[in-house]
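This report concerns only the one structure given below.
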Amino acid sequence: MTDSRTTDVLIVGAGPVGLSAAAELRRRGVECRLVDRLKARLPYAKAVGVQPRTLEIWDRMGLARAVLETAVPLRGQLVYVDGREQARIDLALPPEVPYGFAALPQYETERLLEEYVTALGTVVERGTELLSFAQDADGVTALLRTDADADEELRARYLIGCDGAHSTVRKGLGLGYEGGAFPEEYMLGDVEADWDLPYGYGLRSVHRAEDGSTDDLLVCIPLPGTSRYRMSMTVPPELSADGAGKARGDGVTHGLEGGRAPELSHIQAVVDRLAPAPTRVSALRWSSVFRISHRIVDRYGEGRVFVAGDAAHIHPPTGAQGMNTGIQDACNLAWKIALVVRGEAGPALLDSYDAERRPVGEEVVGRTVRHATQGIETDAEDPDTLMLREAQLLVAYRDGPLAGTTYGPEDAPQSGDRAPDCSGLTAPVAAYPLRLLDILRGRTGHVLLLYADQAADLARAAEAGAVVAAAVGGREPSENGLASEGGLAAEDGLAPEGGPAPEGGLATVAVLARDADPDPGEAVFGYRDAAGEFARLYRPDGPTGFLVRPDGQLGARFPLAGTAAALTGYLAALSVPS
């Protein structure tokens with residue numbers, strides 16, 4: 001029985017990022033404790049935008065359906081300048097992308113994630129604050145103050161700080177957090193509006209001063225509910241702190257501020273000035289004044305302690321990048337910690353968290369600051385590429401320490417890139433087409449995708465992969481050529497139903513080319529690329545293998561004949577212990 005004063009991972013902060021870290025660790029069998037100094041979830045719709053990439057991650061977890069039943073679509077934005085419509089931005093993505101943009105109040109996101117984590121056996125310990133911590137070669141000793149005002153010493157193998165812009169974990173590590181604050185103050189309000197904006201569209205309305213700068217602003221994002229919006233706008237003089245704001249003791253001015261809650265009349269005054277048509281707002285659920293800063297840490301961790309989300313990077317809310325970037329931080333870190341905790345990879349693997357995620361954070365901070373100050377319309381990228389970037393579908397780690405060599409067309413999905421979803425896969429028993437996400441859903445480890453037009457080639461590659469995986473686990477391949485136990489060993493069987501792999505398992509999925517004829521002498525396992533979508537999106541160069549990481553990025557791309565060598569090289573990059 002696990003001692004309650006020891007755990008594998010201590011997570012500080014039960015917002016969307018901390019909950020995501022707990023979810024990804026727990027579904028991989030890693031024990032964790034999740035603490036938050038707040039005694040209850042805040043009922044505020046702070047972060048509301050959910051990016052398509054986040055929905056893909058939640059699909060892999062099995063959480064997407066609950067989100068889809070709660071969220072509303074974000075279809076676009078109407079842009080007004082000085083009372084005239086200037087643009088109608090449609091949030092359109094290529095048809096192979098499985099999810100669009102969505103809006104979900106942060107407290108609903110937290111509720112759904114908390115229910116998921118609770119079902120896995122971890123309960124959020126509310127009213128529990130991290131006072132201090134110290135780390136050594138073997139772990140982290142943390143001092144907690146509980147809701148009962150009692151102090152508890154907890155020993156953890158790793159500590160993750162998801163505790164926001166004023167992070168105790170970041171301060172305790174002594175991480176640099178360079179950047180600055182915007183002088184403007186803003187206010188938020190959750191209200192209903194009686195206008196007739198098209199369903200699923202937001203509004204951005206600005207007034208320009210004589211020098212061309214923006215001197216008045218109204219941004220509205222639709223929320224679940226009838227005619228409900230989260231509105232943000234500049235603060236009126238009577239609520240202003242003369243632009244100075246109130247920085248915490250750490251000098252960081254960012255987020256909601258107490259004591260100056262706007263009233264409905266304040267919001268109505270801005271709507272009267274900037275709404276495209278006369279509009280009455282009502283049913284104010286909550287409101288607050290907030291400030292914006294832009295900062296990023298000089299490193300995402302040190303030793304056995306890491307930071308993620310706002311504890312690592314803060315920036316303008318333009319494009320709804322913050323929460324989604326933090327969730328991807330958590331996903332990237334969690335699967336790596338899980339492998340190390342289970343002894344299936346060396347501690348050096350955790351160095352790749354900073355190497356992969358800090359460049360992403362730097363890009364997001366720079367882009368959101370640029371869009372906030374110059375406008376998204378000034379971005380030099382073509383609109384289609386910009387939309388994919390905003391959807392966080394272009395996040396890639398080609399220059400990271402885990403990236404392998406390029407194989408096939410350089411502009412095809414390569415090691416480090418997102419593994420694209422695709423539709424039109426069929427199985428011998430299923431009477432309906434499947435998406436690749438259907439096959440990946442619920443799996444917690446790496447997935448080996450094998451593509452060829454000959455079943456014999458697929459069988460040989462699967463056997464080679466199983467031999468490598470079994471050797472890592474110190475086992476012999478099973479009779480069907482596939483190792484049958486967990487670790488980094490291959491998953492037993494290639495059943496078309498695509499059930500979840502053992503914890504940490506290397507699942508193997510074979511895809512037969514669209515026009516290939518099965519060899520009746522071979523066991524044709526897996527799926528057929530019946531619609532040709534896999535070939536179109538992955539652009540295999542003949543028989544080709546793809547290793548999909550637990551976070552949905554490609555770990556390797558290689559010729560099918562080189563499966564054993566590719567897997568051996570990738571496992572070496574993970575510093576798999578011998």
Long-range HN-HN contacts of residue 6 with modeled amide H, under 5 Å: 155
In order through the stretch 29-40: 3J(HN,Hα) via Karplus (6.51 cos²θ - 1.76 cosθ + 1.60), integer Hz, x for Gly, Pro: x, 8, 6, 8, 10, 10, 10, 8, 6, 6, 7, 7
Chain lengthening between residue 539 and residue 410 when straightened (0.36 nm per residue, less Cα-Cα): 45.4 nm
Ordering of 425-434, 167-176, 72-81 by burial proxy (mean other Cβ atoms within 10 Å per residue, highest first): 167-176, 72-81, 425-434
Ranked packing of 326-335, 156-165, 206-215, most packed first, by mean Cβ within 10 Å: 326-335, 156-165, 206-215
Rule-of-thumb Rg ratio for the stretch 44-174 [Cα; 2.2 N^0.38 Å; N residues]: 1.45
The stretch 309-351 - convex hull of the alpha-carbon atoms, volume per residue in Å³: 64 Å³
Accessible area expressed per residue, the stretch 290-390, with surrounding protein chains retained (probe 1.4 Å, Å²): 31 Å²
Relative counts (whole %) of C-alpha pair distances in the stretch 262-356, using bins that are 5 Å wide: 2, 11, 16, 14, 12, 10, 8, 7, 7, 6, 4, 3, 0
Net lengthening on full extension, residue 217/residue 431 (0.36 nm per residue, minus Cα-Cα): 71.8 nm
Helical mean residue ellipticity (222 nm; -39500 (n - 2.57) per DSSP H run of 4+; nearest 500) of the chain: -8000 deg cm²/dmol
Förster-model FRET efficiency, 22 Å R0, residue 273 and residue 195, C-beta, rounded to 0.05: 0.95
Other-chain or far-sequence residues with amide H under 5 Å of residue 216's (modelled H): 207
Calculated P(r) of the chain - Cα pairs past 47 Å, %: 16 percent
Rounded to whole Hz, the Karplus (6.51, -1.76, 1.60) HN-Hα couplings of the stretch 273-282, x for glycine and proline: 7, 10, 5, x, 8, x, 9, 10, 9, 7
Karplus-derived 3J(HN,Hα), 6.51/-1.76/1.60, for each residue of the stretch 182-190, Hz, glycine and proline x: 7, x, 6, 10, 10, 10, 10, x, 9
Residue 446 long-range amide H proximity, modeled H, under 5 Å: 507
Gyration tensor verdict on the stretch 138-194 (Cα atoms; rounded if a/c is under 1.5, prolate if a/b is larger than b/c, oblate otherwise): oblate
Net lengthening on full extension, residue 298/residue 150 (0.36 nm per residue, minus Cα-Cα): 49.9 nm
Global form of the stretch 367-432, assessed from the alpha-carbon gyration tensor, a/c cut-off 1.5: oblate
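The values are calculated or read from the model by the stated rules, or taken from the named source; none is laboratory data. All values reported here derive from a predicted model rather than from experimental measurement. Counting neighbours? That spans all protein chains shown, and the Cβs are built from the backbone with ideal geometry, glycine included. In case anyone asks, the SASA skips ligands and DNA or RNA and just uses the protein heavy atoms, side chains included. Shrake-Rupley method; radii C 1.70, N 1.55, O 1.52, S 1.80 Å.
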